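Structure record follows, encoded as structure tokens.
The values are calculated or read from the model by the stated rules, or taken from the named source; none is laboratory data. Here the structure is a predicted model, which is why all the values come from computation and not from measurement. Reconstructed Cβ throughout: ideal geometry from the backbone, glycine too, with neighbour counts over all protein chains shown. These accessible areas exclude ligands, DNA and RNA; they are computed on the full protein's heavy atoms, side chains included. Shrake-Rupley method; radii C 1.70, N 1.55, O 1.52, S 1.80 Å.
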Amino acid sequence: MTVFVMKWIGITGIILNTLYASVTGAALVIGLIFFGIGFGNQTHKRRPSHQPIWDKSQMMVTGTMAVVFMLFLLSSWNANLLVKQIFPGMVGGLIAPFILTDQLPAAAAVHIFWTLVSLYWLLPYVFDFKGISWKWQTIALGACGCSTAYGLLLMNS
């Protein structure tokens, strides 16, 4: 594979991971705002001592936001590694690509594993959140695929 094709796969991965991180970050901020508004309403009620502090709906929202937070961290981490690998003189030192050659495939593998688990098992079945459209699923899987493909091509070159 030529260096030109590898660079374009990496640049596509940077764009998709940045878009993925910005969308998950925005969803996280909006979720925290609405959760704070809803949780503030609950604090004024007296609860019996045998009742749990959080009910099932609050635990579901907290779990969903934890999954989205992990997706945000992984996608921003992969975008950061791709940028440091493709543009070494602009972002990091000149030795960074040699160090990051081993980190990028591992980060991409963790990213694709967590994305698949969260999109197709955690969010729809555990947290009962089925509102992810095919467009955003394609962007998420494309970001993981570009990171993984670039990392594997980098290891083989």
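Within the set Leu71, Leu32, the sole residue that is aliphatic (A, V, I, L, M), at pLDDT 80 or above and either open to solvent by 90 Å² or more (accessible area, probe 1.4 Å) or in contact with a Lys or Arg (Cβ under 7 Å, 6 or more places away or on another chain) (or both) turns out to be Leu32.
Could you list all residues from region 118-133 that are within 15 Å of the chain's Cα centre (by Cα) and either at positive phi or surrounded by 14 or more Cβ atoms within 10 Å (Cβ to Cβ) (or both)? Once the filter is applied, which keeps residues that are within 15 Å of the chain's Cα centre (by Cα) and either at positive phi or surrounded by 14 or more Cβ atoms within 10 Å (Cβ to Cβ) (or both), region 118-133 yields Ser118, Leu119, Leu122, Leu123, Ile132. A count restricted to region 134-150 and to residues that are more than 14 Å from the chain's Cα centre (by Cα) and surrounded by fewer than 17 Cβ atoms within 10 Å (Cβ to Cβ) stands at 2.
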